[in-house]
Amino acid sequence: MLEILNLHASVEGNEILKGINLSVKAGEIHAIMGPNGSGKSTLSNVLAGHNAFEVTKGSVLFEGKNLFDLSPEERAWEGIFLAFQYPVEIPGVSMTNFIKTAVEAKYKYQEKDAPSPAEFLKMMKEKQAMVGLAKSLAGRSVNEGFSGGEKKKNDIFQMAMLEPKLAILDETDSGLDIDALRIVAEGVNTLKKPDNAYIVITHYQRLLEYIVPDVVHILHDGKIVKTGDKSLAFELEKKGYDWVK
Amino acid sequence: MTEKSKDKDIIDDLEKNEYKYGFSSNIESEVFPPGINEDVIRKISAIKEEPEFLLEWRLKAYRHWQTMEHPYWAHITLEKPDFQSISYYAQPSNKPKYDSLDEVDPEIISTFEKLGIPLEEQKLLAGVAVDAVMDSVSVHTQFRDQLEEKGVLFCSFSEAARDYPELIQKYLGSVVPYTDNYYAALNSAVFSDGSFVYIPKGVRCPMELSTYFRINAINTGQFERTLIIAEDDSYVSYLEGCTAPMRDENQLHAAVVELVAMNGAEIKYSTVQNWYPGNKEGKGGIYNFVTKRGLCKGHHSKISWTQVETGSALTWKYPSTILKGDFSTSEFYSVAVTNNYQQADTGTKMIHIGKNTKSTIISKGISLGKSNNSYRGLVRMAKTAENARNFSQCDSLLIGSQCGAHTFPYIDVHNKTATVEHEATTSKIADDQIFYCNQRGISTENAVSLIVNGFAKEVLSKLPMEFAIEAHKLIAISMEGSVG
């Protein structure tokens with residue numbers, strides 16, 4: 001599904017990613033762990049197409065297509081979803097209107113008929129319940145005045161609505177208490193299908209108790225320095241990041 | 001890409017927007033040669049078969065206008081127009097007075113259709129009566145019989161001058177005297193046509209009244225005059241919507257609107273203004289100098305102004321209310337969008353005279369491109385305005401880094417029991433907000449439109465349903481990178 005080859009990227013002239021190689025197949029969950037500043041968020045932003053990040057070398061193929069030929073919204077339509085580390089607030093734009101616009105744009109790209117208002121409403125209610133997002137939040141502006149946990153749940157709710165092929169969860173666990181973490185993880189596990197894949201970026205092993213990865217990568221100084229199965233996460237937790245430096 | 005170059009991309013995209021309604025219809029016009037003098041005024045009055053008092057009033061206004069100085073105080077850049085190069089009267093050569101739509105020049109009908117103004121059944125179903133003003137003569141009036149049953153008078157100003165001269169004589173200039181300001185004086189001298197509404201005592205007007213003005217003949221300034229009178233305990237909602245064809249020369253537009261609300265009466269006046277704003281380089285476009293004022297004459301009367309302003313190269317407009325009656329209230333809700341080289345200096349005046357009067361001002365300015373968007377408002381509490389209250393909120397949204405937003409609130413309080421509150425915010429659309437939308441599959445164009453409509457929601461929700469949809473579209477058009 002995703003093939004990253006020797007990816008280099010920089011921000012304002014500073015090289016952050018220094019040759020990432022990663023291959024993700026449908027049905028897999030990959031965890032990327034690493035200390036602060038190792039390039040975790042840069043990787044997720046580069047994949048989503050944030051233009052503050054400049055790709056200097058390497059290639060990324062998504063479902064056989066060159067990712068760098070696609071605009072951020074085209075990547076979204078093709079099935080890439082990023083759950084943000086810090087979801088932004090968009091005052092004045094209602095949640096319903098926002099997600100409806102997003103879903104309709106995706107259906108249009110796929111040349112399919114958008115769901116009817118009744119179907120859409122039903123879908124919204126189901127997905128809200130799945131991620132434990134309070135109904136009252138649906139009537140509010142996107143993330144405006146939401147707590148940190150509500151913002152993260154809202155991102156997972158949007159993911160459920162958009163049904164991506166590849167979802168990248170960028171430190172979705174940060175700022176979540178244990179109950180919220182469990183609900184979010186359950187949502188992710190429910191949405192897990194043989195034809196989609198996840199990249200779970202996290203600082204701590206905690207999240208991986210709930211979302212069990214097939215492969216764990218350790219990122220350090222812009223490179224993947226270790227790859228293993230889920231036991232690698234436990235080992236890392238025990239030994240600390242100094243172990244891989 | 002750097003942040004700056006990204007900003008620039010968004011801005012370039014937004015600026016590409018071309019005027020959607022840029023076409024002119026080929027209707028033969030009878031146009032006066034350019035220039036203004038007493039003979040021109042006499043000729044206008046004669047063509048309209050006006051009563052003597054009206055001609056006298058026009059002439060007094062003209063003489064007064066000649067003694068006045070061109071205004072300079074607004075935050076706009078403008079050379080004084082050459083008033084002798086403007087023609088002051090134009091009328092479609094096929095005379096008005098049609099019994100049915102079939103008799104109307106098909107060109108006119110097709111123009112209205114391009115504008116998406118359904119003159120036919122749709123309006124009937126929607127319950128909207130349309131008095132369409134094309135250039136200076138009314139070409140079509142609908143629903144008059146239905147309205148007359150209730151005693152509501154809704155007709156062109158010229159007709160009113162002939163049919164109801166006593167009402168015109170009593171109220172014309174009673175809210176905006178011809179001495180009021182330069183452009184009001186000019187309008188009083190040469191006004192061509194407009195609308196007249198009279199709602200009798202205790203009557204709730206059964207439908208939204210609406211008029212579409214359209215500037216059409218080349219180089220002809222339009223000078224409408226609107227007068228709305230609501231007698232005791234009556235109610236009327238009036239909608240005014242405007243679009244104009246693309247032109248190279250600047251077109252002058254100086255309208256006057258007067259509203260009078262008696263005891264317990266309510267007038268709701270809504271405007272969607274989309275005149276040609278000029279092209280990307282700032283060439284062409286309408287000059288819009290409007291004097292709109294309402295008088296809450298009776299106690300417990302109410303006047304609401306709602307406006308969505310996206311057009312015109314230059315806008316100079318302050319719909320105002322004089323709250324004379326005790327317990328009278330007034331509201332002003334405004335969204336003004338400026339793009340490219342547009343200049344808008346708009347706001348309101350709330351003059352509190354009566355006791356326990358209350359006013360609310362909500363103004364939302366959106367600036368793009370190299371435009372300048374100013375809010376100018378006056379809240380005056382007279383000595384007599386016991387316990388009067390005002391609340392003002394002025395928000396500005398900037399898109400790009402080359403535009404300007406300015407707020408000029410004037411507060412003038414002469415009564416210690418009066419309360420005046422003013423809030424103002426300025427915000428900018430952040431790149432991260434755009435990226436968040438992009439990542440969800442929402443294009444930059446749609447993201448901006450969502451955010452802007454969200455910003456203006458509080459005002460748009462005040463518009464009558466039908467108008468609100470139009471206004472949403474209009475704002476989207478003003479933001480779009482491509483012609484929809």
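Taking the numbered list (1) surrounded by fewer than 20 Cβ atoms within 10 Å (Cβ to Cβ); (2) away from every other protein chain (no Cβ under 14 Å); (3) in contact with a strand residue (DSSP E or B) (Cβ under 7 Å, 6 or more places away or on another chain); (4) in a helix (DSSP H, G or I) in turn, B:ALA471 passes all entries but (1). Say we look at the stretch B:438-448 and pick out the residues that are over 17 Å from B:GLY400 (Cβ atoms) and not in a loop (DSSP other than H, G, I, E, B); which of these is most open to solvent (accessible area, probe 1.4 Å)? Among those residues, the one meeting the criterion is B:ASN446.
Listed here are the residues, each with its yes/no results for (1) buried (at least 24 other Cβ atoms within 10 Å of the Cβ); (2) at pLDDT 90 or above; (3) in a loop (DSSP other than H, G, I, E, B).
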| residue | (1), (2), (3) |
| --- | --- |
| B:LYS170 | no, yes, no |
| B:SER174 | no, yes, yes |
| B:PRO177 | no, yes, yes |
| B:ALA185 | yes, yes, no |
| B:ALA189 | yes, yes, no |
| B:PHE196 | yes, yes, no |
| B:LYS201 | no, yes, yes |
| B:PRO206 | no, no, yes |
| B:THR211 | no, no, no |
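Pairing residues of the stretch B:437-449 that are within 7 Å of chain A (Cβ to nearest Cβ) with residues that are assigned to a loop (DSSP other than H, G, I, E, B) and open to solvent by 20 Å² or more (accessible area, probe 1.4 Å), at Cβ distances under 8 Å and at least 6 apart in sequence or on separate chains, gives B:ASN438/A:SER71; B:GLN439/A:PHE84. Screening the stretch A:1-115 for helices (runs of 4 or more DSSP H) wholly inside it with 1 or more residues that are facing another protein chain (nearest Cβ under 9 Å), open to solvent by 40 Å² or more (accessible area, probe 1.4 Å) and closer than 20 Å to A:LYS127 by Cβ returns the ranges A:72-78, A:95-109.
Applying the condition of being within 22 Å of A:GLY19 (Cα to Cα) and of a type in the set (D, E, K, R) to the stretch A:220-245 and asking which residue is surrounded by the fewest Cβ atoms within 10 Å (Cβ to Cβ) yields A:ASP242.
Could you tell me which of the residues B:ASN372, B:ASN415, B:ASN339 is open to solvent by less than 30 Å² (accessible area, probe 1.4 Å), within 23 Å of the chain's Cα centre (by Cα) and not charged (D, E, K, R)?
Details: B:ASN372 fails: open to solvent by less than 30 Å² (accessible area, probe 1.4 Å); B:ASN415 fails: within 23 Å of the chain's Cα centre (by Cα).
So the residue among B:ASN372, B:ASN415, B:ASN339 that is open to solvent by less than 30 Å² (accessible area, probe 1.4 Å), within 23 Å of the chain's Cα centre (by Cα) and not charged (D, E, K, R) is B:ASN339.
In the stretch B:449-468, how many are basic (Lys, Arg) and either assigned to a loop (DSSP other than H, G, I, E, B) or in contact with an Asp or Glu (Cβ under 8 Å, 6 or more places away or on another chain) (or both)? Steps first, please.
Taking the stretch B:449-468 as the starting set, the residues that turn out to be basic (Lys, Arg) are B:457, B:462.
Next cut, either assigned to a loop (DSSP other than H, G, I, E, B) or in contact with an Asp or Glu (Cβ under 8 Å, 6 or more places away or on another chain) (or both) only: B:462.
Going through the stretch B:449-468 one residue at a time, the tally reaches 1.
A:LEU133 passes every criterion in (1) touching a Lys or Arg at 6+ places or on another chain (Cβ under 8 Å); (2) more than 10 Å from chain B (Cβ to nearest Cβ); (3) not in a loop (DSSP other than H, G, I, E, B) apart from (3). Within the stretch A:140-159, being part of a loop (DSSP other than H, G, I, E, B) and not acidic (Asp, Glu) holds for A:ARG140, A:ASN143, A:GLY145, A:PHE146, A:SER147.
Evaluated against (1) out of contact with any strand residue (DSSP E or B) (no Cβ under 8 Å at 6 or more places or on another chain); (2) within 14 Å of another protein chain (Cβ to nearest Cβ); (3) among the basic types (Lys, Arg), B:LYS428 falls short on exactly one condition, (1). Here are some residues: B:ASP432, B:ASP395. Which one is among the charged types (D, E, K, R), open to solvent by 40 Å² or more (accessible area, probe 1.4 Å) and within 30 Å of A:PRO72 (Cβ to Cβ)? Of the residues listed, the single one that is among the charged types (D, E, K, R), open to solvent by 40 Å² or more (accessible area, probe 1.4 Å) and within 30 Å of A:PRO72 (Cβ to Cβ) is B:ASP432.
Among residues of the stretch B:456-468 being touching a strand residue (DSSP E or B) at 6+ places or on another chain (Cβ under 8 Å), within 13 Å of chain A (Cβ to nearest Cβ) and open to solvent by 30 Å² or more (accessible area, probe 1.4 Å), the one that is farthest from B:VAL236 (Cα to Cα) is B:LYS457.
The values are calculated or read from the model by the stated rules, or taken from the named source; none is laboratory data. This is a predicted model, so every value here is computed, not measured. Positions of Cβ are generated from backbone atoms using ideal geometry, with glycine treated the same way; all protein chains shown enter the neighbour counts. Ligands, DNA and RNA are excluded from the accessible area calculation, which covers all protein heavy atoms including side chains. Shrake-Rupley method; radii C 1.70, N 1.55, O 1.52, S 1.80 Å.
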